[in-house]
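Read through the structure below, which is laid out as structure tokens, and then see the notes.
The values are calculated or read from the model by the stated rules, or taken from the named source; none is laboratory data. As the structure is a prediction and not an experimental result, all values here were calculated from the model. Cβ atoms come from the backbone with ideal geometry, glycine included; neighbour counts cover every protein chain shown.
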Amino acid sequence: MSVVATPSEVALAKRFGIDAASIANARVVLNTIAALPWPEPERVSLLARLAHDAQADVGVVLSRLTLSAAPLRAFDELIPLYGIAGKRTLGLVKALAKVDVKTLSPDAERIRDAWVQVSALRAENLALREELDRLNTRLGQEPSAASTQLLGVGALASSVGSQVAAADDALRSRARGLQLGYVELTVHGRAAAVGNDLALDVGSSLKESAVGFRFARPDAASATGTAMTVPNVCGYTAGFARRKLQALGYSATVTRVAGGGDTVSEQSPSPGAVLTAGSAVRLIIR
């Protein structure tokens, strides 16, 4: 299955005068590297080496910053990062677009397949939303009109849960037998109400409100004694990183190095490691 470029990646491709598929492939490779079950220094070193081989001006420091931003929904999310901007983003595209992940690790190919599937599902979701907007326009409504796609929170959870289940089924049907452990996502829209129940108008262009969801298989629940994959919280503030870990059932300790910054620069165990819920994750701020 080929990787689907997002609309913003297509626009970026036109700006740089390159193929949009290259940008989409670079995004999937970057997300794959970020999700490898390796210590952070090894993943950072790999990205820095790939950038060096492609003569991209991205060293160890910027490689760490880039990986901390992953997973990316679109490759142009790198542009606002301090020190990256357009030129280095283009350099990373050239460095990653043609990387064969099978040469990195047996795990890498399975992870890449999962990200390709996620990309396809997001593209399908976007196409459906655009079609709904076109239908609303034909009916004499603006796409941003009130209550075009009004859903109660319960119905919204059911709808999103069905899509997550479909993604899990699609992954399980692949030859490599991948499956989702847990999924966290946020749905944006305009706050509304259905009767006395809270609702969200997901068809509105006014995205001033959001509802967060977390889905997990029973065997991946965050009860004490259950093993789960440790998320990447590098780049987060200590408070936000601690809350994210605690929501998954972990505890967190913070070590601050004198003269350090405000965000987590390292964590132990590394992102992607399997750790029993209730265990501690050490956060380091340098």
Q) What are the residues in the range 13-22 that are among the aliphatic types (A, V, I, L, M) and more than 19 Å from the chain's Cα centre (by Cα), if any? A) 13, 18, 20
Q. In the range 170-192, which residues are modelled with pLDDT of 70 or more and over 18 Å from the mean Cα position of the chain (by Cα)?
A. 189, 190, 191, 192
Q. If the Cβ limit is 6 Å and pairs must be 6+ apart or interchain, which residue in the range 1-22 that is surrounded by 13 or more Cβ atoms within 10 Å (Cβ to Cβ) pairs with which residue that is among the aromatic types (Phe, Trp, Tyr) and outside any loop (DSSP other than H, G, I, E, B)?
A. 9/75
